[in-house]
Structure formats: structure tokens, C-alpha cells
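Just so you know, all these numbers are worked out from the coordinates, no wet-lab data involved. The structure displayed is predicted, hence computed values, not measured ones. Glycine also receives a Cβ, built like all others from the backbone with ideal geometry; neighbour counts cover every protein chain displayed.
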There are 2 protein chains.
Amino acid sequence: MPDHDPTAPPPPADDLRIRRSPARARYDRETVEAIVDAAIVAHVGTIRDGSPVVVPMLAVRDGDWLLLHGAHAAGTLRRGRGTQVCVEMTLLDGLVLARSAFHHSLNYRSVVILGEAEMITDPGERERALELFVERLVPGRWAELRPSTEAELKQTAVMRISLERSSAKVRSGPPMDEEDDYEWPVWAGIVPAALALGDPQPDARLRDGIEVPESVRALAGTSR
Amino acid sequence: MPDHDPTAPPPPADDLRIRRSPARARYDRETVEAIVDAAIVAHVGTIRDGSPVVVPMLAVRDGDWLLLHGAHAAGTLRRGRGTQVCVEMTLLDGLVLARSAFHHSLNYRSVVILGEAEMITDPGERERALELFVERLVPGRWAELRPSTEAELKQTAVMRISLERSSAKVRSGPPMDEEDDYEWPVWAGIVPAALALGDPQPDARLRDGIEVPESVRALAGTSR
């Protein structure tokens, strides 16, 4: 369990402050951005008819903003601009196997972003967002695609939220057992975990003579 | 994009009904349970001081209930029994690379569970929950561990929510392009994705002479 970095900004006094396991908290923007850039799916919480709702959305960072894509975006914001949301993104890094059940844990990096989400309505900004989403999944792919049409950009639902009010939480490293338990005769350690990409599977309707491009081939065996 | 199974129960008329891409919706319990059993992390949404909050928690199914573990559990429920929550779990299965940016997508299986969460307070039930969490991560590990103490069970924060009000959403299969686009000269298809476990890394303080047990060795190369 890493200690809090003494050079990091002090924890905020408001609702972003991490109350549980504060030693795992990170409030510097660099850590937040690294986690956002490594994750693909964001879990977006809103309030609908007085009840909490959480939906998964594709996410990509654009400078100081997080862009969120998905059919849900329109529904989330149907009540207009300035919908209050909580966006959470989590990367699972490993299983932490201790000598007691109590000290079993997960290694992870997670981010929480609070703020107001707004729809992106400008067609040019929507096109730029689509480009960022595609390039996030496969760097270099945008230039190879059939260009977007006006009708498609009209239907593209993208919302954005500022990264200004964000915090991160990180657990890494070995299990932390009770001192007496280190003699208990059981294996202990970490089982690493990561989202891994496999070999590309061509569409059955792929045009004859089209090979897997380097942009796609390079993904196999990597984590995103 | 699979069609809705005609033998499945009809979509509910209330807030569980999936409004976006309804052809991807599943309302049968079997599908919900299979997704819950394959995922490790749940994204738990609540309302705190009038604002949405989403936190990641370790989750495991116990029959008709989902058990949620984490330091957050206590905080989520500090306002007492019957806290309304929305739990979302998502497995990312692949990147869907179409001929146009607009039709790029993700293959995934996701579940949403609505209901009231309650803390588990009985020490025996808490011990059973701990066992389920440990066995979820490493089948066979519970019996090898130093037994739990009364003090540990008192500190273990577990909450549960019924699976009664749940729905699933699944996208699988190839990209669905515009008919005219199948001639566009770009590779299209799927890049599979899965959470993969790696080789176990022993704790630096591991007692001499303890080998990696079969229970842990069996995890490497599998997805959870």
C-alpha cells in the first residue's frame, strides 16, 4: 500500500476527499490523467427520477476534458445542460493473496470525476470527438475510414465533463499481513491482471485482398 | 448484434427497461447471473447529499443475492438500512472495428441491478461472505488460510442487494456497416479483449519452502 506522496497537492476539503484508506488517495492531475488514458470504459452515475443510475460508456480524454460516448449519453442528459454526474473508471491490476481472508485485496487504479456534464452539439467538435474515440481504440485508424457524413455527426451523442474535480485511488504492491501471520504455511503474493487484446478476427464480409493493417496487428498482446 | 430472444421474459415496464438499443437487452435471470459470475468489480451508484456517487467494489453472487465488499460499503450505507443503489457490472469483450467511425463499437456484456442495499451484520453470514469472496478470486484457497478472528469479522463491511430487479445488455459479433460501405478498402473485424491473469508473483516475505499451490497456479492464463 503506497503512502501518500508528500509533494502532492493537499487533499481537498469537499466531497472529493477520499475517506476510506486515505493513504491510497492521489489528488495530482498527472495520476488522474494516466488512469483515464489507460481505461476504456467509464461508469457514469446520474440521478433519474430520484434514484441513482449507473451506465457504462466509452471514454477518452481531450486535454482537460473527458469525452463520453454512447447511446446513453442522450438519455443521461435529456433533462438539459448541466446534469450532475459522477464518472468512475477503474483498472484492475491484480489479485492480492494474503495469509488471512481479511487481508485479501485487489490491486487497482481508479478515478472519480465529479461535475456537470454537457452535450457537445457543434458538428465540428463532434467529428473531432469521433476521431479521438477511434484513435483511442486503434491509433492510426481514423485516416483509413470512410469519412463521416453530416447525418452521422447529427446522431453522434457525445458529452463532456471537466477533469477539474477529480481524484484517484491506487493500491499496488504485496499483501499486507498481520505480523504474526507471515509464518502461516500458505503461499502469498500477487496474481497480476490486465485487460489483454487478442488476435484480430476479420469480418466475414471483408473485401478480398485486404490484409490486417499494422495499426490493428500492433494491438495483439497489448493491454489497453 | 443479437436479436432479442423470443422465449425470454417480456421487458419490464418500469425503470429497468432498456431504452437504448433494445435489441441488445436481456431480462432472463440466467444471462444476468452468468455476467455477474464472470465479473469481479461492481460499480455501485448511490446518492450522497443530493449528488450521484459511484465507487468500485468487489462483488460475488450468493444465490439470489449480490454481495459487495469494500471499505466503501460502510460509507455507502452510513445512512442506515434500505439505501437505494444501482449496481453496474461490465465485461469488455472486444473492439468492433467498422468501415466508418460511426459504426465503431465495443462488444460487451453488462448488468444493471436496482434495489435497496443492506449491511450484513451477522458474524456467521459475514464469515460466509468472506469465504465466497476468497473462493471467487482463487477457488480452493479458503481452507489454506489462517482462520478469521472475531475482531476481523466485526470490521468486515459487506452489503447485499437482491438480483430480483436486474437486466443485462449484450453486444457481440461483427461490425454492422452501412450496406454501401462493405466495399470501402479498409480492414474490418473484431479485436477480442479479456481480463487476463498472469504468472503469480510470490511475496518477498514468503516463508522458505512454500511452492505456488495448484489453486493459484491454475489461474495463470485464464480470464476471470
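Structural remarks
- Label-to-label distances for A:ASP37 across copies, nearest first, come out at 4.0 nm, using points 7 Å from Cα in the beta-carbon direction.
- Test item: A:36-46 mean partner chain Cβ contacts at 10 Å: 4
- Chain B, helix-only ellipticity at 222 nm - DSSP H runs n ≥ 4, -39,500 (n - 2.57), divided by all residues, nearest 500: -5000 deg cm²/dmol
- Calculated translational diffusion coefficient of the range B:102-194 (20 °C, 1.002 mPa s; Stokes-Einstein with Kirkwood radius over alpha-carbon pairs) equals 120 µm²/s.
- Linear extension gain, A:GLU30 paired with A:GLU164, 0.36 nm per residue minus alpha-carbon span: 47.0 nm
- Where the Cα pairs of the range A:22-194 fall when distances are cut into 5 Å bins, in %: 1, 8, 15, 16, 15, 13, 10, 7, 6, 4, 2, 1, 1, 0
- Scaled radius of gyration (Cα, divided by 2.2 N^0.38 Å) that the protein assembly as shown gives: 0.99
- Copy-to-copy label distances for B:LEU16, where each label lies 7 Å from Cα along Cα-to-Cβ, are 3.8 nm in order of increasing length.
- Teacher prompt: B:PRO123 distances to equivalent labels in other copies, 7 Å Cα→Cβ, nm: 6.9
- Averaged over peptide B:128-136, the number of partner chain Cβ atoms lying within 10 Å of each residue's Cβ comes to 2.
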